[in-house]
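Take a look at the structure set out below.
The values are calculated or read from the model by the stated rules, or taken from the named source; none is laboratory data. Keep in mind the model is a prediction, meaning the values are calculated, not measured. Every residue, glycine as well, gets a Cβ built from its backbone with ideal geometry; the counts of neighbours run over all protein chains shown. Side chains are part of the model used for accessible areas, which takes the heavy atoms of the whole protein and leaves out ligands, DNA and RNA. Shrake-Rupley method; radii C 1.70, N 1.55, O 1.52, S 1.80 Å.
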Amino acid sequence: MDFTQWLNTTMSGSQRDIHSYVFLPRNGSWGDELEDVDCQEVGKLNVSLRCSFVRTTSDCNDTDGYFSYLEGAFCTFSPQLFPLAIFLYAMWLIYLFIILAVTAEKFFCPNLSAIASSLRLSHNVAGVTFLAFGNGAPDVFSAVAAFSDSRTAGLAIGALFGAGVFVTTVVAGGIAFVKPFTAASRPFLRDIVFYMSAIFLTFYVLYQGSISLAEVLVYLLLYMAYVLVVVLSSWIYRRMRQSTFSAPNSEEADLLTESEEDHLSTPHGSEFGDEYQPLRPIQYNTWQILVEALNPMDSRKWRLKRWPWRLFKLLKVPIEFLLLLTVPVVDPDKEDHNWQRPLNCLHLILSPLLCIFTIKSGTYALYCIQNVMPIWAIFLIVGFLLAAIVFFTTKNGEPPKYHCVFSYLGFVVSALWINAAATEVVNLLHTFGVIFRLSNTVLGLTLLAWGNSIGDFVSDITLARQGYPRMAFSACFGGIIFNVLIGIGLGCLLQMNLSNAVLQLEAPGLLVWVLAGGLGASLIFSLVSVPAQCFHLRRTYGFALFFLYAVFLTIALLTEFGVLKMTPTLQ
């Protein structure tokens, strides 16, 4: 349906005269489809027309989440109950933040620590690989989708830059504020050099207005070189330590600080152990073990805590139960490595189902093979077979040799939980932007950039609180390097072919250069200030980064609202 048909079917003649100014065509004709209409124009329509507009405008339905929040706000709720819809959305947004926090603290970080322990990886290597992948997956997928259209390619780069500024200032500053520590000198300098190289390459691509296949390969090879340098440097340093039998040096990259060594035996904190790992008598049967393992409540803590903790606990119980049901957790520091035979067998059935239903909002799970069997049914059958094999070949109190595989499964599932919750947060923030008539640029710079960085913020701050500030600080730079190099490189590569090896980009505006300048300023500030502090990061460093982000955000908003304009020399 084009705009003329929609206008004729939804408006009377007087209404068309009143509201036609909202959608004035660029070329003087109404031939463009409604997919070219901005969803934020809904605020300029009469209240009775907003539901029809939201349902027929593709920009309003462009969501990867499970719910259509705009349709719910303008169609499900009557205009009189519109404030109630906003209130419920705000409450749902808060609960999504709770989901993110619980998933990261109780499941994502413990499995990450178990993987790093099983592979004998240093915290810096784990930070730039596993944690970077878990935090960066939503940004990379968003960038790949944005690069599918040349008109939005510049927005993808701007979004990556905006998230980069947020992570290197707010998240990095938050780590130093929550847990002052001594940064690893050589890994920090290594990450800064690679990150600035990635930003310089992106700046060059933006300046020339196009990206070639050779430049795309440079993006991908640069990240491969980065990971290779991290792994090799860690291996070389370990060999040097083993050959010299020297004591750990607090300034070196891959060594643990005293607090990290203390926390290594309890990577997920005492609360996790008290709350999720109650002592079970040996005589418990299989059914009792399953019931006890799925119980998120601790009666001892419930009696000791006050009512605010109890109220918050009641809010967390539903999501904690679902997470316990779908996400395995391996604890190498326990005698049985947190082996729970009936629950782990149940994980083999439910975890793959959750994975397939969290990808593309479950669209892939509903696909049928030759219109006979849906994909989710195949995953269910395979899961039952694996669960049966594990159940009949293992014992309750004896974890199998392959138990460490469950930590990888738990890592993937918890990362997908975070991804799904973060996607809903982004869609909900976009809905608030439409409702309150925020421009796309401001929305992407603030709400969407914050939403895309929720996983980084929650995971990294949680790691810092649990005694792993070095891993978290390394992930701040390693994760963003992953987002920029893989996001831009892979996103552009998928849009190229043999006949078209050059991708044209939209000419960047002043705000994009402000984003690039803000990111460069944050990197230069850290490059100068961290060595000046002898790599001892204190709360003052965190406050300085907070201030830097506030200045950047102020300049960006002034640019968006036209207070600061591009001079003719920049044009």
Just one of the numbered conditions (1) modelled with pLDDT under 85; (2) buried (at least 24 other Cβ atoms within 10 Å of the Cβ); (3) within 17 Å of residue 293 (Cβ to Cβ) is not true of residue 422; which one?
(3)
Mind checking which pairs have a first residue in the range 179-190 that is closer than 14 Å to residue 469 by Cα and among the basic types (Lys, Arg) and a second that is surrounded by 22 or more Cβ atoms within 10 Å (Cβ to Cβ) and at pLDDT 80 or above, Cβ under 7 Å, 6 or more apart or different chains?
179/464; 179/469
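For the subset of the range 394-405 comprising residues that are assigned to a helix (DSSP H, G or I) and either touching a His at 6+ places or on another chain (Cβ under 7 Å) or farther than 15 Å from residue 113 by Cα (or both), which member is least open to solvent (accessible area, probe 1.4 Å)?
We begin by selecting, within the range 394-405, every residue assigned to a helix (DSSP H, G or I); these are 401-405.
This time we only want the ones that are either touching a His at 6+ places or on another chain (Cβ under 7 Å) or farther than 15 Å from residue 113 by Cα (or both), so: 401-403.
Working: 401: 204, 402: 95, 403: 5 Å².
Once the filter is applied, the top-ranked residue is 403.
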For residue 224, only one of the following conditions fails: (1) open to solvent by 60 Å² or more (accessible area, probe 1.4 Å); (2) more than 24 Å from the chain's Cα centre (by Cα). What is its number?
(2)
Consider the range 470-493. How many of its residues are touching a Ser or Thr at 6+ places or on another chain (Cβ under 8 Å) and either surrounded by fewer than 24 Cβ atoms within 10 Å (Cβ to Cβ) or over 16 Å from residue 202 (Cβ atoms) (or both)?
5
Which residue out of 87, 67, 107 is open to solvent by 80 Å² or more (accessible area, probe 1.4 Å) and within 30 Å of residue 328 (Cβ to Cβ)?
67
Write out, first by first residue and then by second, each pair whose Cβ atoms fall under 9 Å of each other, whose residues are 6+ apart or on separate chains, and whose first residue, in the range 356-373, is open to solvent by 100 Å² or more (accessible area, probe 1.4 Å) while the second is in a loop (DSSP other than H, G, I, E, B).
360/64
Looking at 86, 98, can you tell me which residue is β-branched (Val, Ile, Thr), under 30 Å from residue 409 (Cα atoms) and modelled with pLDDT of 80 or more?
98
Note down all Cβ pairs under 8 Å where the first residue falls in the range 494-513 and is over 30 Å from residue 446 (Cβ atoms), the second is open to solvent by less than 30 Å² (accessible area, probe 1.4 Å) and at pLDDT below 75, and they're at least six residues apart or on different chains.
496/503
Cβ-Cβ under 7 Å pairs, at least 6 apart or on other chains, the range 321-345 side at positive phi, far side of a type in the set (D, E, K, R)
337/331; 338/331
Given the conditions (1) modelled with pLDDT of 80 or more; (2) in contact with a Phe, Trp or Tyr (Cβ under 6 Å, 6 or more places away or on another chain), every one holds for residue 477 apart from (1)
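Any idea which residue in the range 171-210 is modelled with the highest pLDDT, counting only those that are of a type in the set (Val, Ile, Thr) and over 23 Å from the mean Cα position of the chain (by Cα)? Full working, then the answer.
Quick first cut of the range 171-210, residues of a type in the set (Val, Ile, Thr) only: 171, 175, 178, 182, 192-193, 199, 202, 205.
Those still in the list that are over 23 Å from the mean Cα position of the chain (by Cα) too: 182, 193, 205.
On the way: 182: 86, 193: 89, 205: 83.
Per the stated criteria, the residue is 193.
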Residue 132, sole failed condition from (1) open to solvent by less than 10 Å² (accessible area, probe 1.4 Å); (2) touching a Phe, Trp or Tyr at 6+ places or on another chain (Cβ under 8 Å); (3) at pLDDT 80 or above:
(3)
Every listed condition ((1) touching a Pro at 6+ places or on another chain (Cβ under 7 Å); (2) modelled with pLDDT of 85 or more) holds for residue 168 save (1)
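Has the range 248-256 got at least one residue that is within 24 Å of residue 481 (Cβ to Cβ), open to solvent by less than 70 Å² (accessible area, probe 1.4 Å) and at pLDDT 75 or above?
The answer is no, given that none of the residues of the range 248-256 is within 24 Å of residue 481 (Cβ to Cβ), open to solvent by less than 70 Å² (accessible area, probe 1.4 Å) and at pLDDT 75 or above.
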